[in-house]
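Read through the structure below, which is laid out as structure tokens, and then see the notes.
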Amino acid sequence: MHVAVLGAGYAGVTLTRTLERQLPESAEITLVDERDTHLVQHLLHRAVRNPEIEDQLQVPLEECCQRATIREATVESVDADEGRVNIDDGTLSYDIGAICLGARTAYYGLSGVRSRATPLKRLEDAREIRSAFLDCCEDGGRVVVGGAGLSGVQVAGELADLAREEGAESAVDVVLLEQKADVAPGFPEPFQNAVADALDCRGIDVRTGTTVTGADETTLTTDAGTTIEYDQLVWTGGITGQPSLGDTRRQVQSTLRLGRRTFGLGDAVRVIDDEGERVPATAQSAVGQASVAAENIAALADSGVGGFEPRLSRYVYRSRGWVVTVGDATVAQVGSRVLRGKPAKALKTSIGVRHLAGVGAVEDAVAFVRESVGGSQA
Ligand SMILES: Cc1cc2nc3c(=O)[nH]c(=O)nc-3n(C[C@H](O)[C@H](O)[C@H](O)COP(=O)(O)OP(=O)(O)OC[C@H]3O[C@@H](n4cnc5c(N)ncnc54)[C@H](O)[C@@H]3O)c2cc1C
């Protein structure tokens, strides 16, 4: 029995570690990723202001796994029914597989945006954003962040506080654009309000209800026919499917089954949970889906693909609350309560630590605590 996990993000690493415990020793497990490290993506915005944290955000896959074979390769296409993967250095066949390849930034075909904007998905993006922003701080100018979801609000907060640290708050404008009526769209209203307050306190110019229609070298256009000049453009306007998956995020139901022998989880797919709810694409959901996928892979391995169909577990989305940083401010929603200040910061730190410890990076977790408690960034 060969189980292949494609992608070593939150979904892939959590799934691999669970399978290592749950499957019999005789089952071979392969974890494929184009990088040899797991990226702690939900804290990526922090590397824009604080590059020293970069090492803690990259966990070597060797440290994450006990017995899985790690294959550093780029997936080019997947046949989910046949269990065949085309990778840049050949092919890989599996008995049971899981697609955990995440998503890429969506530009919705907006004229000129893709070529002029920097997304925020990898450390390279964080470095590029920082370097262009420091130039802005020196020369003065305006940085526009397009999209006020979790990534957009957090990167805008980091930029505003970086400008302050550089003594450039009066020279640089940070503008955050959002198509919907509120920041953090889709989140509970008290949380949205607390995030909006934190953005406002930092002097961030938030423009909701603003749809970008295109960009040239210096100017963005909006659907209202207005223009916004910019010196730097960061794009966090949404996600779409990976090229290796036909540029789409296929929909899966609550068993996460994507094909006869394949499951799909995390940002790579659009999950409808067992109560018919559309599940948000977050690290929190990806980790939750990994345990259901592991149970289902173990059940299918037990019954044999093509044999008697096992009863599969179903994923139900339950939010454990939300925590975001807006520069030095932290906002959390736990149940119906919104937390700010020290309690929210402690919660954010503990989530980062739990994740690092959960993927086996205990030393990084310790360093993260030291950094968060000692520094001002968490
Ligand atoms: C700045 C920012 C802040 C965020 N904040 C939060 C937050 O506060 N809370 C929260 O819950 N979520 C947050 N998120 C969202 C969260 O990071 C994602 O939802 C999460 O990373 C999804 O996990 P995943 O495993 O599905 O995909 P990913 O973590 O993206 O992992 C996908 C993996 O697949 C690999 N891969 C992709 N294509 C290929 C290929 N062709 N071949 C081989 N390997 C490939 C990648 O290298 C990567 O390792 C944030 C995201 C960003 C960018």
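Each reported figure results from applying straightforward, stated rules to the coordinates on display, with no laboratory input. The structure displayed is predicted, hence computed values, not measured ones. In this analysis, Cβ positions are derived from the backbone assuming ideal geometry, glycine residues included, and neighbour counts consider all displayed protein chains.
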At q = 0.10, 0.22 Å⁻¹, base-10 log of I(q)/I(0) for region 106-238 (Debye sum, equal scatterers on each alpha carbon): -0.28, -1.43
Farthest toward positive dipole pole in the chain [+1 Lys/Arg, -1 Asp/Glu at C-beta], among Leu31, Thr14, Val279: Val279
Rounded to 10°, Cα long-axis angle of helix 123-139 versus longest principal axis of the chain: 0 degrees
Folded to 0 to 90 degrees: helix 189-201 orientation relative to the chain principal axis, Cα: 40 degrees
DSSP bridge pairs, region 19-171: antiparallel proportion in percent, nearest 5: 75 percent
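Could you work out the relative contact order of the chain, using alpha carbon pairs under 8 angstrom and six or more residues apart, expressed as a whole percent? Let's see the in-between values first.
Values: 802 pairs, mean separation 71.5, N = 378.
This gives 19 percent for the chain.
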Simple label model, 7 Å out from Cα along Cβ direction - Ser170 to Arg270, nm: 4.9 nm
Extension gain from Glu28 to Thr227, taking 0.36 nm per residue of separation minus the Cα-Cα distance: 66.0 nm
Stokes-Einstein D (µm²/s) once Rh is taken as the Kirkwood radius of the chain over alpha-carbon pairs, at 20 °C in 1.002 mPa s: 100 µm²/s
Set of aspartates and glutamates with alpha-carbon distance to Lys121 below 17 Å, sequence-local pairs under 8 removed: Asp33, Glu34, Asp36, Glu54, Asp55, Glu158, Asp247, Asp267
Average projection area in nm² (convex hull over Cα atoms of region 167-210, one quarter of hull surface): 3.2 nm²
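State, as an integer percentage, the relative contact order of region 136-294 based on alpha-carbon contacts under 8 Å between residues 6 or more apart. Provide the component values of the computation, followed by the final result.
Details: 265 pairs, mean separation 32.0, N = 159.
Relative contact order, region 136-294: 20 percent.
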Signed unit charges on C-beta, dipole axis of region 106-238, positive-most listed residue Ser151, Gly109, Cys201: Gly109
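So if I place +1 on the C-beta of Lys and Arg and -1 on the C-beta of Asp and Glu, and nothing else carries charge, what would the dipole magnitude of the chain be about its Cα centre? I want it in debye, nearest 20. Spell out each step's value before the answer.
Details: 38 positive and 55 negative charges, 269 e Å.
Dipole about the Cα centre, nearest 20: 1280 debye.
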Candidates Leu159, Leu134, Leu110: whichever shows maximal mean-square fluctuation once the chain is modelled as a Gaussian network with Cα springs under 10 Å: Leu110
The chain: angle of helix 10-22 to the longest principal axis, Cα-based, in degrees nearest 10: 30 degrees
Computed label-point distance, nm, for sites Thr248 and Asp88 using a 7 Å Cα→Cβ extension: 2.7 nm
Efficiency of FRET between Asp216 and Glu52 - r from beta-carbon atoms, R0 51 angstrom, step 0.05: 0.90
Cβ-derived FRET efficiency at R0 25 Å, Arg114 paired with Arg354, nearest 0.05: 0.10
